1. Return the total of residues in segment 185-194 being assigned to a loop (DSSP other than H, G, I, E, B) and within 22 Å of residue 110 (Cβ to Cβ).
2. With respect to the numbered conditions (1) under 19 Å from residue 4 (Cα atoms); (2) of a type in the set (D, E, K, R); (3) out of contact with any Asp or Glu (no Cβ under 7 Å at 6 or more places or on another chain), which one is the sole condition not fulfilled by residue 93?
3. Do any residues in segment 122-136 that are in contact (Cβ under 8 Å) with a residue 12 or more places away in the chain have Cβ atoms under 7 Å from those of residues that are of a type in the set (Ser, Thr, Tyr) and not in a helix (DSSP H, G or I), where the two are at least six apart or on different chains, and which pairs are they?
4. In segment 169-184, which residue that is assigned to a strand (DSSP E or B) and more than 16 Å from ligand 2 (Cβ to nearest atom) is farthest from residue 239 (Cα to Cα)?
5. Checking the conditions here, which among 93, 39 is assigned to a loop (DSSP other than H, G, I, E, B) and surrounded by fewer than 21 Cβ atoms within 10 Å (Cβ to Cβ)?
6. In this structure, is residue 112 closer than 21 Å to residue 9 by Cβ and either modelled with pLDDT of 95 or more or in contact with a helix residue (DSSP H, G or I) (Cβ under 8 Å, 6 or more places away or on another chain) (or both)?
7. List the number of the failed condition for residue 101; all other conditions in (1) more than 16 Å from ligand 2 (Cβ to nearest atom); (2) surrounded by 22 or more Cβ atoms within 10 Å (Cβ to Cβ); (3) assigned to a strand (DSSP E or B) hold.
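The values are calculated or read from the model by the stated rules, or taken from the named source; none is laboratory data. Not measured: the values here are computed from a predicted model. Using ideal geometry, Cβ is built from the backbone for each residue, glycine included, and neighbour counts are taken over all protein chains shown.
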Amino acid sequence: MRILFLGDVVGKSGRNCIAQELPQIRRRYSIDCVIANGENATHGFGLSQKHFHQLIQTGIDFITLGNHTWDSPDIINLFHENAPLIRPHNYPEHQPGTGIGVAKGKNGEQILVLQVAGMIAMMPGTKSPFDTLDEELPQNLNKQNFDAIVVDVHAEFTAEKNALGHFVDGRASLLVGTHTHVPTADHRVMPGGTAYITDVGMCGDYHSVIGFDPSISIQRQRAIIPKPRLETASNVATLCGVIVQTDPQSAKAISIQPIRIGGVLSPELPQTP
Ligand SMILES: [Fe+2]
Ligand SMILES: [Fe+2]
């Protein structure tokens with residue numbers, strides 16, 4: 001099976017690049033399931049109902065969120081409708097939504113998707129992602145009931161993501177880092193069969209500060225008062241993701257390849273199957 005995971009969709013330029021590129025990517029690379037991080041899709045802050053449906057219509061099967069989960073009030077309704085949408089599972093209890101869901105592949109494959117947030121420089125009250133993953137993942141990928149298991153680690157801190165990658169090796173098909181919006185070049189299949197990347201990057205305009213207008217970001221970082229509200233950068237976005245191929249028997253990863261199309265980053269086009 002071939003799974004495409006797309007990094008944080010940031011604002012209109014991110015949504016537009018997905019609408020433009022995703023249909024042909026699905027065909028060209030025989031993608032069975034598309035999972036995307038949507039926490040910044042609505043003007044950089046959260047995900048509205050309208051943009052959720054727009055992303056699903058463009059060919060995304062399942063959406064993960066992150067620290068911007070609660071920025072759009074629409075998210076509560078989407079959780080109540082059991083939309084294919086999750087937020088970090090290790091958030092404090094008694095909050096709406098869940099951090100575990102099942103994405104459906106185009107041939108009926110069942111992909112378990114689990115999201116955890118890091119504990120460093122993230123939301124206060126977040127429980128240990130190590131404990132949460134230990135509780136929720138099977139001990140061994142071979143003995144689980146899913147065609148693949150995808151873990152989204154939404155975290156700021158590289159070493160925390162690295163450690164979580166080693167911690168779950170052999171227990172998930174893919175562990176993908178999100179949140180920093182900057183793609184790393186350390187994608188690989190680990191010895192236990194888990195594909196790994198510290199951060200997949202974003203689907204957004206890279207002539208920016210992590211997807212936002214640079215001049216406003218500079219003003220805010222220089223603490224000039226009053227601080228202007230951040231606005232997303234609006235030039236052509238780069239679509240950033242990874243394509244993971246899994247073994248149908250073991251659910252382990254066979255390969256992980258980065259994909260980057262459009263905008264100001266150098267293109268990265270995986271081999272076609
Ligand atoms: Fe985030
Ligand atoms: Fe983000």
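1. Total satisfying the criteria: 3.
2. Among (1) under 19 Å from residue 4 (Cα atoms); (2) of a type in the set (D, E, K, R); (3) out of contact with any Asp or Glu (no Cβ under 7 Å at 6 or more places or on another chain), residue 93 violates only (1).
3. Sorted first by the residue in segment 122-136, then by its partner, the pairs are 123/91; 126/91.
4. Residue satisfying both the conditions and the ranking: 169.
5. Working: 39 fails: surrounded by fewer than 21 Cβ atoms within 10 Å (Cβ to Cβ).
Answer to the check: 93.
6. Criteria not met by residue 112.
7. Only one criterion is unmet by residue 101, namely (2).
Residue by residue, here is whether (1) at pLDDT 95 or above; (2) under 19 Å from residue 233 (Cα atoms); (3) among the hydroxyl-bearing types (Ser, Thr, Tyr); (4) crowded, with 21+ Cβ neighbours inside 10 Å holds:
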| site | (1), (2), (3), (4) |
| --- | --- |
| 20 | yes, yes, no, no |
| 33 | yes, no, no, yes |
| 50 | yes, no, no, no |
| 86 | yes, no, no, yes |
